[in-house]
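Trainee: Structure incoming, see below.
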Amino acid sequence: MKQPIRLIALGAIIVIMIVIAVFVTRWATNRGQGRHITIEFYNDWAGGHTGEGIGWFAQIVEERFNMTIDYLGAGNMEELFQSRRAAGDLGDLVIIGTHRLRETINDGLLLDITGLVETRMTSYTTYFPGAVERARQLTLTDSIYALPIQVSTQPASSPRISGLVPNNGAFLRQDAYMAIGAPTIYTIENLLAILVDMQRAVPYSESGQRTYGFSLYSGPEDDTILHTAAAFATLYGGMDWFSSTGFIDFQNQVFESFLDINGLYLRALKLYFDANQLGILDPTSQDQSWEDIWEKFEDGAVLFSWWSWLGMQSFNTPGRAAQGIGYNFIPIMNQRIHHDFSINPSGPNHPDLVIGVGANASNPERIVDFIDWLASPEGNQIVNAGPEGLTWEMENNIPVLTEFGLSAGVHTGSFRDVEVPSAWGGGTFSQGAWHGNITVPISLYGRELNPLTGLPFNPRLWPSAAYADVTRLQSEWTARFGSNTPLDFVLDNGMISAPPTVNFTRPMDSQNIREMRDAIRPVIETASWQMIFAGTEAEFYSIWLDMNAVVHALGWDYVLEHDQRVAEELFAAQQAALLSHNHLGSIQQ
């Protein structure tokens, strides 16, 4: 009888051990965090996604943190911020601009996470110690309420460049451009005749839509001017910085009012007015959302893009590139492209964002653990390239994109709507991604290396994604312009400007200035659209003069003077950065 009893006892012990193992595994997976929670995620940099996360990333978060993310990012973020602020609850996980940080702390909306950072955030504190120090400086205390994001392990002199092309510039449907003889573009005004000819060469998109040279949209609600008009300033060294009243030229340290009669904004509006007169401006521009724009670029229905991450990422595929079809950077010979700031290890100036925990969060430890995971090599790689085993695999000790990863577009910087196997969360790949719209490390810019793989976090820079180097699209471009890549061309020809890293937090607007901005903004937006679609040139300039009179009456000069003072402070900080980093303003590859 003893043998059966022993067997039964042994079996019971095994069962108990299995139960304990399952419990321990679940505990480890959820990091000992207990019951499932749903957290609200407020994000100043939201991309329009709203609702609870679903799909592959949500499944990973569920498995690791026993947590669901409810994204609040939809609509007017300024309006949402003010309404949540008035209610005394921004959310559980919070991303805000540093210009809001002190008022948010003063309102008691953020949790002091100093102890949690020091005891739980091993990845963030190990890889980005300078950013931890900056987090304390931002509060003017020794406490930490939020941590900088877009931080880096790269030197402060590294250019903030993604892939092999500049972020800003003129990106045309190269197949249409080549079809008309690839004429030299000397100024932005030369674009008009070229786009007319390109439209004749490719009158319809792949789905049969009418093609247009330009297709516009208003942009973020808090922009002072039309986003797609401000985009042209970057071609000539200007930047619409923090929705102020003018462009900042960092290289020449010049602040140019949006209302300068000889300035870049009026020049851009006139360009669009002329384009409309020629029939190459999308007539639905004023009523379009960002999603509408993206869908048209996905279809190749717009011939000009301002950014590498719009036309190239939405339309270009290996199949099209092999046929010489797709968007590519086409130089404008008198351009001096503002190429964002150089990389700042402790967080960039634009977007100058921090991530923290809402004061009312019931599980701050779990949220801090999640932030730290986003900053870790493992979490950061998943956000940028998807999960290992689905979109990429390790082969010979380096990451290699799978066929699914290529079809999902992880090498383009724009995830695609391909169906994900149910075992990985189902849905489509783009729907299932992290919708924070920004990463904690600045992994898509420069050469931020993953210490676990030895290659950059950015899958565009992996050898398995190098198809673009040998396609017909790129070989035809090289034959025309004589450089291996667009980035080589602009560097060799001195056509790019990247300001040095500078830690500068824009002063918070007074209530008076904020109210003036809010009153001025819709006047400029409405007048800008009216000018673009004016019937005659006389009407175009008449609307400009009327708009000037109205905004001056609303306090334009007062706000402009304030912004000019801020610009001077920024320029002084830039000079200090030049001395600190010995950054001479040139970009070295």
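The values are calculated or read from the model by the stated rules, or taken from the named source; none is laboratory data. Owing to the predicted nature of the structure, the values given are computational and were not obtained by experimental measurement. A quick note on method: Cβ atoms are made from the backbone with ideal geometry, for glycine too, and the neighbour counts reach across all protein chains shown. Just so you know, the surface numbers come from the protein's heavy atoms only, side chains and all, with ligands and any DNA or RNA stripped out. Shrake-Rupley method; radii C 1.70, N 1.55, O 1.52, S 1.80 Å.
Trainee: Taking the condition of being buried (at least 21 other Cβ atoms within 10 Å of the Cβ) and not small (Gly, Ala, Ser), how many residues in the stretch 311-323 meet it?
Mentor: Residues flagged as buried (at least 21 other Cβ atoms within 10 Å of the Cβ) and not small (Gly, Ala, Ser) within the stretch 311-323 amount to 4.
Trainee: May I ask you to say which residue of 218, 244 is out of contact with any Gly (no Cβ under 9 Å at 6 or more places or on another chain), at pLDDT below 95 and surrounded by fewer than 21 Cβ atoms within 10 Å (Cβ to Cβ)?
Mentor: On inspection, the qualifying residue turns out to be 218.
Trainee: Only one of (1) touching a Pro at 6+ places or on another chain (Cβ under 9 Å); (2) open to solvent by less than 40 Å² (accessible area, probe 1.4 Å) fails for residue 55. Which number is that?
Mentor: (1)
Trainee: When you check residue 134 against the structure, is it of a type in the set (Lys, Arg), touching an Asp or Glu at 6+ places or on another chain (Cβ under 9 Å), assigned to a helix (DSSP H, G or I) and more than 30 Å from residue 477 (Cβ to Cβ), yes or no?
Mentor: no
Trainee: Could you check the stretch 198-234 and list, in sequence order, the residues that are within 19 Å of residue 306 (Cα to Cα) and either in a helix (DSSP H, G or I) or among the basic types (Lys, Arg) (or both)?
Mentor: Listed by number, the residues that qualify are 198, 199, 227, 228, 229, 230, 231, 232, 233, 234.
Trainee: Within the stretch 37-49, identify whether any single residue is within 28 Å of residue 449 (Cβ to Cβ), open to solvent by 50 Å² or more (accessible area, probe 1.4 Å) and in a loop (DSSP other than H, G, I, E, B), and answer yes or no.
Mentor: The answer is yes; a qualifying residue exists.
Trainee: Out of 436, 405, which single residue is modelled with pLDDT of 90 or more and within 13 Å of the chain's Cα centre (by Cα)?
Mentor: Answer to the selection: 436.
Trainee: Can you name the residue in the stretch 408-422 that is touching a Leu at 6+ places or on another chain (Cβ under 9 Å) and farther than 21 Å from residue 321 by Cβ and is also least open to solvent (accessible area, probe 1.4 Å) among such residues?
Mentor: 420
Trainee: Moving to a separate point now. Consider the stretch 140-186. How many of its residues are in a helix (DSSP H, G or I) and open to solvent by 10 Å² or more (accessible area, probe 1.4 Å)?
Mentor: Total satisfying the criteria: 3.
Trainee: Could you please find all residues in the stretch 345-375 being within 22 Å of residue 46 (Cα to Cα) and assigned to a loop (DSSP other than H, G, I, E, B)?
Mentor: Passing the criteria: 346, 347, 348, 349, 350, 351, 352, 359, 360, 361.
Trainee: Condition first: surrounded by 16 or more Cβ atoms within 10 Å (Cβ to Cβ) and either over 13 Å from residue 245 (Cβ atoms) or charged (D, E, K, R) (or both). Now tell me which residues in the stretch 505-518 satisfy that.
Mentor: Once the filter is applied, which keeps residues that are surrounded by 16 or more Cβ atoms within 10 Å (Cβ to Cβ) and either over 13 Å from residue 245 (Cβ atoms) or charged (D, E, K, R) (or both), the stretch 505-518 yields 505, 506, 509, 517.
Trainee: Output the number of the condition that residue 417 fails; it satisfies all remaining conditions of (1) assigned to a loop (DSSP other than H, G, I, E, B); (2) within 24 Å of residue 309 (Cβ to Cβ); (3) over 21 Å from the mean Cα position of the chain (by Cα).
Mentor: In the conditions (1) assigned to a loop (DSSP other than H, G, I, E, B); (2) within 24 Å of residue 309 (Cβ to Cβ); (3) over 21 Å from the mean Cα position of the chain (by Cα), residue 417 misses (3) alone.
Trainee: Can you name the condition, by its number, that residue 112 falls short on among (1) open to solvent by 50 Å² or more (accessible area, probe 1.4 Å); (2) modelled with pLDDT under 95?
Mentor: Of the numbered conditions (1) open to solvent by 50 Å² or more (accessible area, probe 1.4 Å); (2) modelled with pLDDT under 95, the odd one out for residue 112 is (2).
Trainee: Report every pair of residues separated by at least 6 positions or lying on different chains whose Cβ atoms are under 6 Å apart, first residue within the stretch 99-119 and part of a helix (DSSP H, G or I) and of a type in the set (A, V, I, L, M, F, W, C), second open to solvent by 20 Å² or more (accessible area, probe 1.4 Å) and modelled with pLDDT of 95 or more.
Mentor: Final answer for the pair search is 105/145.
Trainee: Only one residue in 202, 196 is modelled with pLDDT of 90 or more, in contact with a Gly (Cβ under 9 Å, 6 or more places away or on another chain), open to solvent by 20 Å² or more (accessible area, probe 1.4 Å) and farther than 23 Å from residue 474 by Cα, so which one is that?
Mentor: That would be 196, the only listed residue that is modelled with pLDDT of 90 or more, in contact with a Gly (Cβ under 9 Å, 6 or more places away or on another chain), open to solvent by 20 Å² or more (accessible area, probe 1.4 Å) and farther than 23 Å from residue 474 by Cα.
Trainee: Select from the stretch 386-407 the residues that are in a strand (DSSP E or B) and among the β-branched types (Val, Ile, Thr) and write down the one among them that is surrounded by the fewest Cβ atoms within 10 Å (Cβ to Cβ).
Mentor: The residue in question is 398.
Trainee: Another question, then. Looking at the stretch 272-285, is at least one residue open to solvent by 10 Å² or more (accessible area, probe 1.4 Å), modelled with pLDDT of 95 or more, of a type in the set (D, E, K, R) and within 30 Å of residue 193 (Cβ to Cβ)?
Mentor: yes
Trainee: Where residues in the stretch 355-388 are over 23 Å from residue 406 (Cα atoms) and of a type in the set (S, T, N, Q), which of them is modelled with the lowest pLDDT?
Mentor: 362
Trainee: Part of a helix (DSSP H, G or I) and more than 30 Å from residue 570 (Cα to Cα): which single residue out of 265, 272 fits that description?
Mentor: None of the other options fit; the residue is 272.
Trainee: Step by step: first the residues of the stretch 289-310, then only those that are assigned to a helix (DSSP H, G or I) and out of contact with any Leu (no Cβ under 8 Å at 6 or more places or on another chain), then the one that is least open to solvent (accessible area, probe 1.4 Å). Which residue is that?
Mentor: Per the stated criteria, the residue is 296.
Trainee: Going through the stretch 73-91 one residue at a time, which ones are touching a strand residue (DSSP E or B) at 6+ places or on another chain (Cβ under 7 Å) and open to solvent by 30 Å² or more (accessible area, probe 1.4 Å)?
Mentor: Within the stretch 73-91, 84, 89 qualify.
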